[in-house]
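Structure first, commentary second.
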Amino acid sequence: MDVKIVEHPLAAERLTAMRDERSDSPRFRAALHELTMMLVYEATRDVAVTEYEISTPVAPAKGYRLGNPPVLVPVLRAGLGMADAAQAMIPDASMGFVGLARDEETHEPYAYMESLPDDLAGRHVIVLDPMVATGGSLLRCCEMIAARGCTDIDLISVLCAPDGIQKLDASGIAMTMTTAAIDPILNDKAYIVPGLGDAGDRQFGAYRRF
């Protein structure tokens, strides 16, 4: 699996705001929104475009639009905080949703909601999930998408752990990853270290120490 790490001062600044335990929910959400826009920009650098003719106030010119607008799939609940930013960058994108939760004892994911097109053959799908720890939840989502015929999956995540990347890579599903950072380890509760805590809790007002 191809992994692209976005190393940019502005991305690093937003990631720092998300990591900082002093950041309240509004600051965390704002940083996530802005960082998502940067990650989407990098993830879509090589997407196909089509040309068409326009007229400026001065003269005719060539215009460009996405040849195959993607389907955005935020993984609930934490991925909700990335959805508006991604759609702001790609207004023509459609949206699907996958709701996954992690069993806190087994750390295995289970689906509680699935809202995807029945046929994704020939479509470009961008999956949005702020954190990839064990990779189980994101892999389950990608399996659902691949089962509908999609062979063009891009993953966008703020933060990853090597365990999760290895699990996704070993799945055999063709996908690429764009992320702001890869942290070294997971703790005994399968949280990323140093990480940023629980991205869903921090967006929506809950707070836990790990």
Scan region 133-146 and tell me whether some residue there is assigned to a loop (DSSP other than H, G, I, E, B) and modelled with pLDDT of 95 or more. no
Kindly evaluate Cys150 against the criterion of being over 17 Å from Ala83 (Cβ atoms) and either in contact with a Ser or Thr (Cβ under 6 Å, 6 or more places away or on another chain) or of a type in the set (Phe, Trp, Tyr) (or both). no
Taking Gly122 as the residue in question, decide whether it is outside any helix (DSSP H, G or I), surrounded by fewer than 18 Cβ atoms within 10 Å (Cβ to Cβ) and at positive phi. yes
Can we say Pro74 is modelled with pLDDT of 95 or more, touching a Phe, Trp or Tyr at 6+ places or on another chain (Cβ under 8 Å), buried (at least 19 other Cβ atoms within 10 Å of the Cβ) and not β-branched (Val, Ile, Thr)? yes
Those residues of region 16-71 that are at pLDDT 95 or above, over 23 Å from Ser137 (Cα atoms), in contact with a Gly (Cβ under 8 Å, 6 or more places away or on another chain) and charged (D, E, K, R) come to a total of 2
Residue list for region 83-104, restricted to those being without any contact (Cβ under 8 Å) to a residue 60 or more places away in the chain and of a type in the set (Asp, Glu): Asp84, Asp92, Asp103
Kindly provide the set of residues from region 15-60 that are of a type outside the set (A, V, I, L, M, F, W, C), in contact (Cβ under 8 Å) with a residue 12 or more places away in the chain and closer than 26 Å to Lys167 by Cβ, ordered by number. Arg19, Thr36, Glu42, Thr44
State which residue is nearest to Asp188 (Cα to Cα) when the search covers only region 93-107 and only residues that are in a loop (DSSP other than H, G, I, E, B) and modelled with pLDDT of 95 or more. Gly96
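The values are calculated or read from the model by the stated rules, or taken from the named source; none is laboratory data. Everything quoted here is computed from the prediction, not taken from an experiment. Glycine gets a Cβ as well: all are built from the backbone with ideal geometry, and neighbour counts include every protein chain shown.
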